[in-house]
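The values are calculated or read from the model by the stated rules, or taken from the named source; none is laboratory data. Model, not experiment: these values are computed from the prediction. Neighbour counts are summed over all protein chains in view; Cβ atoms, including those assigned to glycine, are modelled from backbone coordinates with ideal geometry. Accessible surface is based on the protein model in full, side chains and every heavy atom, while ligands, DNA and RNA are left aside. Shrake-Rupley method; radii C 1.70, N 1.55, O 1.52, S 1.80 Å.
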Amino acid sequence: MRNFRYSDSLGYHIDNIGYASVERNEGYTVPYKEGKKRPSVIMLEEGAMRYAFDDVTFILEKGDSLFVPARLPYVATYLEDGTQMNMLMFNALPDKGELPLLFFSPVKKRLPRAAAFFAELAQHATDTPFLLGKIYELLSLFLHETADVPQKYKKIQPAIEAIGRLYFENKPVSYYAELCNMSESNFRKLFRAYTGRSPIEYRNLIRISEAQKLIEEGECTTTEAACVTGFNNLSFFYELYRKYRENK
């Protein structure tokens, strides 16, 4: 059975890949009056930087990532000594139609385990097939829109993002609590206060919604949809699926 989680219907493809790691001291400024020829994703490993575009300015701190579209003018300024940033550059070409909106506006995100992600890139900086796969993975993180979690609940945002991106994985609640640097009991309480559901109920709701899309689009049967969205117990899936359809 085809694994629909990794279908090839992106609508664009990547080529002309490059990777760089740069360290500068406070005050170093780089103006890009016409922007860069290729889009890029930047992750700040140490220090702080300011990226000033015509209509918006981003301050990046350690662990922050920024998607920079091609040919968009900006000024990059290093704000601390020993600031180190890692950067992936590439071309994104549409297979049909237009590129996703992501490719036209700068986007700042704090991605889960970004440091480990870029550490892998540094080890395989000359391995083009490896970099290609990582770029697609990185873009999927930026394309996956997550809710702007209120300050009171910011601690659980890594779990919200991880569940939304990897809903088909059967991770225990303790795994999500660890992502948020919280005890499991406190994590459960805060998660329910924000979502109104337990972490597993929240994940199951995403799974059911994704399964419904696969079924409606004719991509797979109900049983196949259950499997590819992470349900191992078909009876449980059918029960949830019935309730989901009744409540739509």
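Remarks
- All conditions in (1) at positive phi; (2) at pLDDT below 90 hold for K248, with the sole exception of (1).
- Neighbours by Cβ (under 8 Å, 6+ apart or cross-chain): first from segment 87-113, more than 19 Å from I160 (Cα to Cα) and among the hydrophobic types (A, V, I, L, M, F, W, C); second open to solvent by 40 Å² or more (accessible area, probe 1.4 Å) and modelled with pLDDT under 75: L102/L143
- No other residue among V41, V68, V30 is more than 15 Å from Y136 (Cβ to Cβ), β-branched (V, I, T) and surrounded by 15 or more Cβ atoms within 10 Å (Cβ to Cβ) apart from V68.
- Any hit, segment 192-202, residues being under 20 Å from Q157 (Cβ atoms), open to solvent by less than 40 Å² (accessible area, probe 1.4 Å) and either modelled with pLDDT of 85 or more or charged (D, E, K, R) (or both): yes
- The condition of being basic (K, R) and within 30 Å of M87 (Cα to Cα) holds for K155.
- Residue match in segment 145-163 (condition: closer than 26 Å to P106 by Cβ, of a type outside the set (K, R), in a helix (DSSP H, G or I) and open to solvent by 40 Å² or more (accessible area, probe 1.4 Å)): yes
- Residue check, Y244 surrounded by fewer than 18 Cβ atoms within 10 Å (Cβ to Cβ) and either in contact (Cβ under 8 Å) with a residue 24 or more places away in the chain or touching a helix residue (DSSP H, G or I) at 6+ places or on another chain (Cβ under 6 Å) (or both): yes
- Criterion applied to E23, E80 was being in contact with a strand residue (DSSP E or B) (Cβ under 6 Å, 6 or more places away or on another chain) and outside any strand (DSSP E or B), and the one residue passing it is E80.
- Among the residues making up segment 121-136, those that are open to solvent by 70 Å² or more (accessible area, probe 1.4 Å) and part of a helix (DSSP H, G or I) are Q123, T128, P129.
- Filtered residue count, segment 45-65, keeping only those that are of a type in the set (D, E), open to solvent by 40 Å² or more (accessible area, probe 1.4 Å) and within 25 Å of P158 (Cα to Cα): 3
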